[in-house]
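Right, one structure below, let's go through it.
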Amino acid sequence: MAQKLITMSERELSRYDIIKQLINGEINGTDASKQIGVTIRHIKRLKLKVDELGAAGLIHGNRGKISNRKLDIEVTTKAEKYLKEKYYDFGPTLASEKLEENHNIKINKELF
């Protein structure tokens, strides 16, 4: 049976150790919540996740996935091309407006 590698941050590792102590009965839920800095209700959720999935239960579900807000690579390359060729001396707001107006490319001005 192949083992699956899990990458965890130090924070997640320390949480896992505390939850394991809670599961083993070495500490109670109140002590665990104080050590981690979350509510007792959240400690119960974490304990259930660790019971169900092991250490992987403490890792965020979106880790390793592409963001929903990520722009398409074609759109960004087109926008960069137009910005370098036509709108190199424009500020971010005007450049954003001109890209939308002239090329139908909607990009937030904060991305510049």
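Is there any pair with a first residue in the stretch 82-99 that is without any contact (Cβ under 8 Å) to a residue 24 or more places away in the chain and a second that is of a type in the set (Gly, Ala, Ser) and in a helix (DSSP H, G or I) whose Cβ atoms are under 6 Å apart and which are 6 or more apart or on different chains, and what are they?
87/95; 99/79
Which members of the stretch 9-24 meet the condition of being in contact (Cβ under 8 Å) with a residue 24 or more places away in the chain and not hydrophobic (A, V, I, L, M, F, W, C)?
12, 15, 16, 20
Tell me which residues, restricted to the stretch 25-48, are of a type outside the set (A, V, I, L, M) and in contact (Cβ under 8 Å) with a residue 12 or more places away in the chain.
Within the stretch 25-48, 29, 35, 44, 47 qualify.
May I ask you to list the residues in the stretch 8-20 that are of a type outside the set (Lys, Arg), closer than 22 Å to residue 62 by Cα and outside any loop (DSSP other than H, G, I, E, B)?
If the condition is that a residue be of a type outside the set (Lys, Arg), closer than 22 Å to residue 62 by Cα and outside any loop (DSSP other than H, G, I, E, B), then 10, 12, 13, 14, 16, 19 are the ones that fit.
Among the helices (runs of 4 or more DSSP H) contained in the stretch 21-92, which hold 2 or more residues that are more than 30 Å from residue 109 (Cβ to Cβ) and outside the structural domain of residue 106 (by TED's automatic domain parsing)?
29-36, 40-53
The values are calculated or read from the model by the stated rules, or taken from the named source; none is laboratory data. Computed from a prediction, not measured in an experiment: that's the story for all the values here. A quick note on method: Cβ atoms are made from the backbone with ideal geometry, for glycine too, and the neighbour counts reach across all protein chains shown.
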